[in-house]
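Visitor: Before we start, here is the structure in question, set down as C-alpha cells.
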Amino acid sequence: MIKIRKKKLINIIKTENKLILFIYLYMFIMPWNFVNGQFGTLTMLLFIAWIIVYKRRTFELSLKILKCIPLVLLCIYIIYTYITPFWSDSFIDGFKYINQYHKYYFLFIPILFTSLNMNQAKNSLKILVISFGLYSIFSLFIYAGLFTVEDSTSLNPKGIMGYSVTTQFMLIGSIACFVFAKFSDNNKLRIFFYSLSLLSFVALFINNSRTSQIAFLLSIITILLIHYKKTIFKPKVFISMGLFLIILSTLSLTLLDSAGKLDRYKKAIPLAKQALFEDYYTGSIGARIFFNKTGIEIISNNPIFGMGPLDNWIEHKKIQRNSPNFKHHYVPSFHSQHLDILTAFGLVGYLLLVASIVYLIYKLRENKEYFYIALSFYIPIFYISLANATFYKKPINYILISVFVLLSVIVYKKIREKSLDTTK
C-alpha cells in the first residue's frame, strides 16, 4: 500500500503542471515563517513563473476576476485602503503602512485565481490545513521537550512565531480538519484528518492564547447553530448539542488545568471587574476594555471614512497618555482588528471587507464541504479579531487572503459549470 501511494505521488509530481506544484509548495510553507522576506521572495518567484507560463495572456486572464463578485469586492476594499492615506496627516507614512501588509496581494491574487482549477484549489486548501496540523504537532513536540526553539518552552510552546499567530493555526486547523474528515469518502484520509483535528485541539489548549481558546468555543457554537438552524429546537438535537458542548468545555478546562493555563483565566476576572466598574485599567484584560472605549470614541468622530491609517493609532496613543487610570504600557494597536479597520477606514472600508466575506460564504452554500471550510476560517477570525489583530499580522493576513481566493475559484468554476449546463 505504501509503495502504491508513493507511485501515485510520484506520478502526480511528474504529470502535474510545475506551476501548480509550486503553488502547492507555496501554500504549504505559508504558515511557516522561517526567515524575514520568505513570503516576499516566494511570491516574486511565483509571479515570475506565472509570467513565463502565461506570457502575454496574464492581463487577459486576470480580467476574469471581474466575473467573481466576492473577489471584486475584496479587491475594491484593498484599493480603498490605498486611497485612505490621502486624509491621513502624512500620506507617505500612511501609504507605507498599508503597503507593508498589502503589497503582495495584487501579485498572488491573480496568480492563484487564474492558474488553478476547482480540484487544484481544493487541494491547495487541504495542503494549507495539513500544514496547520503539522505546526500543531511541532508545538506538541516542544511541549513534550522533544524540540528546543529559542523563546519557546514547554510553558509556551509557540514554536518559531508568536502565539497570537500560531494559535490561530491550531484553532482553524482543529475545525477545518474535522470538516475535511467529515466529508471524506476515504477511510484512511478520514482517520488522518480526525487525528490532525484532535492534535490541533490539544495544541490550542496547551498554548497561551485565551483569545483563540475562547474563540474556538464560540466558533463551535456558531457553526453548530448554523448547521442545525432548522432543527435546533427539536429535543434530540437540542440535547445532543448541549451534551457535546458540555463535553467539549470539560475537555477544554481539563486541558487548561493540566497545562497550568487555568490561572490566567482566574487572574483575568478581577482585572475585568476593575476596568468595568472602577474605571481602572491594568493587565491585558483591562487594557483591551480601555482600547474598546477609545476605539468607539474615535469611530464616533470619524464614522464614514475613518481617520486614515496611522492617524487612528496616533490618536489612540494620545488618549492612553492623557488617561490617569490607564496603567498599562502604551500600545499603538487597538488589539482588535474590527476597531483597527473602523478607526482607520471607517464604515465604508469595514462594510466592504465584511460584504466580500459574507457574500463569498453565501455563494458557497450549495457546496456543503467548502461552505463549512469557509466558516471554519472566517467565523474564528471574526471572534479572534474582537480582541486581537488578524489582517495586520504576518503571515495570517496572507493566509486569509489566499484562502479567500481559493474559495473564490471554487465559486467561479461552479458558476461557469452551471452557465454551461443551461446553454446546452
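Visitor: Collect the residues in segment 395-420 that are in contact with a Phe, Trp or Tyr (Cβ under 7 Å, 6 or more places away or on another chain) and touching a residue at least 40 places away in the same chain (Cβ under 8 Å), keeping them in residue-number order.
Guide: Scanning segment 395-420 gives P395, N397, Y398, I401, S402, V403, V405, L407, S408, V409, I410.
Visitor: Is it the case that Y265 is on the phi < 0 side of the Ramachandran plot, without any contact (Cβ under 8 Å) to a residue 60 or more places away in the chain and in contact with a strand residue (DSSP E or B) (Cβ under 6 Å, 6 or more places away or on another chain)?
Guide: Answer is no for this residue.
Visitor: Is it the case that segment 300-309 has a residue that's small (G, A, S), in the same structural domain as L353 (by TED's automatic domain parsing) and not in a helix (DSSP H, G or I)?
Guide: Yes, segment 300-309 has at least one match.
Visitor: Name every residue in segment 372-386 that is assigned to a helix (DSSP H, G or I) and touching a helix residue (DSSP H, G or I) at 6+ places or on another chain (Cβ under 7 Å), in order of residue number.
Guide: Once the filter is applied, which keeps residues that are assigned to a helix (DSSP H, G or I) and touching a helix residue (DSSP H, G or I) at 6+ places or on another chain (Cβ under 7 Å), segment 372-386 yields Y372, I373, A374, L375, S376, F377, Y378, I379, P380, I381, Y383, I384.
Visitor: Have a look at S209, S284, S258 and point out the one that is within 30 Å of I29 (Cα to Cα), touching a helix residue (DSSP H, G or I) at 6+ places or on another chain (Cβ under 9 Å) and either of a type outside the set (D, E) or buried (at least 16 other Cβ atoms within 10 Å of the Cβ) (or both).
Guide: Unique residue meeting the criteria: S209.
Visitor: Hey, can you tell me all the residues within segment 42-71 that are more than 19 Å from Y104 (Cβ to Cβ) and within 27 Å of the chain's Cα centre (by Cα)?
Guide: L63, K64, L66, K67, C68, I69, P70, listed by residue number.
Visitor: Let me ask you something else. Restricting to segment 221-237, what's the tally of residues that are under 21 Å from S249 (Cβ atoms) and polar (S, T, N, Q)?
Guide: Of the residues in segment 221-237, 1 are under 21 Å from S249 (Cβ atoms) and polar (S, T, N, Q).
Visitor: Mind checking which residues of segment 364-408 are more than 18 Å from F183 (Cβ to Cβ), modelled with pLDDT of 95 or more and more than 11 Å from the chain's Cα centre (by Cα)?
Guide: V405, S408
Visitor: Here are S131, S139, S174: which of them is hydroxyl-bearing (S, T, Y), in the same structural domain as A203 (by TED's automatic domain parsing) and either surrounded by fewer than 21 Cβ atoms within 10 Å (Cβ to Cβ) or not in a helix (DSSP H, G or I) (or both)?
Guide: S131
Visitor: I've got another one for you. Would segment 362-384 turn up any residue that is surrounded by fewer than 24 Cβ atoms within 10 Å (Cβ to Cβ) and in contact with a His (Cβ under 6 Å, 6 or more places away or on another chain)?
Guide: Looking through segment 362-384, none of the residues is surrounded by fewer than 24 Cβ atoms within 10 Å (Cβ to Cβ) and in contact with a His (Cβ under 6 Å, 6 or more places away or on another chain).
Visitor: Kindly list, by first and then second residue, each pair from a residue in segment 226-249 that is outside the structural domain of I379 (by TED's automatic domain parsing) to a residue that is part of a helix (DSSP H, G or I) and at pLDDT 90 or above, limited to pairs with Cβ atoms under 6 Å and residues at least 6 apart or on different chains.
Guide: M241/L224
Visitor: Conditions first: (1) in contact with a helix residue (DSSP H, G or I) (Cβ under 8 Å, 6 or more places away or on another chain); (2) in the same structural domain as I399 (by TED's automatic domain parsing). I29 passes all but one, so which condition is the exception?
Guide: (2)
Visitor: Looking at the structure I just gave you, is E278 within 30 Å of V129 (Cβ to Cβ), surrounded by fewer than 17 Cβ atoms within 10 Å (Cβ to Cβ), more than 20 Å from the chain's Cα centre (by Cα) and of a type in the set (D, E, K, R)?
Guide: no
Visitor: Take segment 316-369 and flag every residue that is among the aliphatic types (A, V, I, L, M) and outside any helix (DSSP H, G or I).
Guide: Within segment 316-369, V331, L364 qualify.
Visitor: Among the residues of segment 33-73, count how many are outside any helix (DSSP H, G or I) and either within 22 Å of L407 (Cβ to Cβ) or among the acidic types (D, E) (or both).
Guide: Total meeting the criteria: 1.
Visitor: Can I ask one more? Under 7 Å between Cβ atoms, which residue pairs at least 6 apart in sequence (or on different chains) link something in segment 188-211 that is modelled with pLDDT under 95 with a partner that is among the basic types (K, R) and not in a loop (DSSP other than H, G, I, E, B)?
Guide: Qualifying pairs under 7 Å: R210/R264.
Visitor: Moving on. Since W313 meets every condition but one in (1) in a helix (DSSP H, G or I); (2) at pLDDT below 95; (3) surrounded by fewer than 16 Cβ atoms within 10 Å (Cβ to Cβ), which condition does it not meet?
Guide: Condition not satisfied by W313: (3).
The values are calculated or read from the model by the stated rules, or taken from the named source; none is laboratory data. Quick caveat, the model's predicted, so the values are computed rather than measured. Because the Cβ atoms are built from the backbone with ideal geometry, glycine has one as well, and the counts that use them run over all protein chains shown.
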